[in-house]
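The values are calculated or read from the model by the stated rules, or taken from the named source; none is laboratory data. Here the structure is a predicted model, which is why all the values come from computation and not from measurement. When we count neighbours, we look across all protein chains shown, and the Cβ atoms used for this are built from the backbone with ideal geometry, even at glycine. Surface areas here come from the heavy atoms of the whole protein model, side chains and all, with no ligands, DNA or RNA. Shrake-Rupley method; radii C 1.70, N 1.55, O 1.52, S 1.80 Å.
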Amino acid sequence: MKYIPHDYYLKFMDPVVHAETLDFHAKGNYTIHDAFKHATQLHGFSDQQLLQLTGNELRLYPDMDLTFPICPEIYPDTTICRNDSCETFSSANIDFSIIEKLISPILSPDMMSYKRGYPSGGALYPAEIFICSLMENNESWPCPEKILHLLPQSRSFEVVQGTQEIAALKQAILSAPGSIGAPSIAVVYAVYIPKTLFKYRYRGYRLALMEIGSIYMLVELPAKQLGLQCRLWSAYTDTMLNKAIGLNPALFFPVCVHFIAEKYDSL
């Protein structure tokens, strides 16, 4: 076989490990739908409690003076630090050539090497990356389909069939309360779970999540250089997002969505 079909990995995966990992992953899923918006809530904390519990640092010994300062001449290197998350995106189109530059750090150096721009436990590379256009009319987009599957080793895009319309995709990832504007691009980071469980079993799930974290940071840095804004997003329902892309929800686990666009300028 020149290319292994994605379901070939099922031959080597323990079905019990798969079922238990799927059950655990499902516990972290949201159900976001208009039919339930008045009947469900994430938590019951007050604004005051949230203010106290978020954005702070964790000290192991809060009542003991066991700290000493970092050298005052050490400052964060802004060239290797990401921008703050964008609060509101503009609806401006992004040229496809810019999108290609965004994903350049995660490609293989050449097509003869399986190595990529991010670490992966056992070189399994279970993370699958989907570039989704949320732009209505962008003449630079290369095909009628709005979702592309990145093939880092082949240094190419695979066109996801049946994705000419973006209404279902927008509903899947932008239906949560609150407004973040109209982001141009949504990068969906998903784990193809048979590829990581067959070798490392339960440990593979942890390694796959670590891999996703490496990838989205590598995308944030060129986005900053290109003058674009980013925001990680988890307010979606896995099954709705899988359906919009055309993925099997028992095999593909969407880990997070990465919005990329220009920042909305109220002036």
Inset, instruction - Report, ordered by the first and then the second residue, all pairs with beta carbons closer than 7 Å, sequence separation of six or more or different chains, a first member in segment 179-200 that is of a type in the set (F, W, Y), and a second member that is surrounded by fewer than 19 Cβ atoms within 10 Å (Cβ to Cβ) and not in a helix (DSSP H, G or I). - result: Y189/C256
Inset, instruction - Among the candidates I193, I180, single out the residue that is closer than 24 Å to I98 by Cβ and hydrophobic (A, V, I, L, M, F, W, C). - result: I180
Legend entry - Given (1) within 28 Å of S214 (Cα to Cα); (2) among the hydrophobic types (A, V, I, L, M, F, W, C); (3) open to solvent by 70 Å² or more (accessible area, probe 1.4 Å), number of the condition C81 does not satisfy: (3)
Inset, instruction - May I ask you to list pairs of residues, at least six apart or on different chains, whose Cβ atoms are under 8 Å apart, with the first in segment 114-137 being more than 21 Å from Q171 (Cα to Cα) and of a type in the set (D, E) and the second being outside any loop (DSSP other than H, G, I, E, B) and modelled with pLDDT of 90 or more? - result: E128/H149; E128/L150; E128/Y189; E128/A190; E128/V191; E128/Y192; E128/F252
Inset, instruction - Please give the number of the condition E128 fails out of (1) part of a loop (DSSP other than H, G, I, E, B); (2) of a type in the set (D, E, K, R); (3) within 19 Å of L247 (Cα to Cα). - result: (1)
Legend entry - Qualifying positions in segment 242-257 - over 18 Å from P126 (Cα atoms) and either surrounded by 20 or more Cβ atoms within 10 Å (Cβ to Cβ) or touching a Leu at 6+ places or on another chain (Cβ under 7 Å) (or both): A244
Inset, instruction - Could you look through segment 206-219, keep only residues that are within 21 Å of W233 (Cβ to Cβ) and touching a helix residue (DSSP H, G or I) at 6+ places or on another chain (Cβ under 8 Å), and pick out the one that is surrounded by the fewest Cβ atoms within 10 Å (Cβ to Cβ)? - result: M210
Legend entry - Residue that is at negative phi and at pLDDT below 95, where the choices are R116, R206: R116
Inset, instruction - Select from segment 33-54 the residues that are over 18 Å from S234 (Cα atoms) and at pLDDT 70 or above and list them in ascending order. - result: G44, F45, S46, D47, Q48, Q49, L50, L51, Q52, L53
Legend entry - Q229 vs. criteria open to solvent by 10 Å² or more (accessible area, probe 1.4 Å), without any contact (Cβ under 8 Å) to a residue 24 or more places away in the chain and more than 12 Å from V257 (Cα to Cα): no
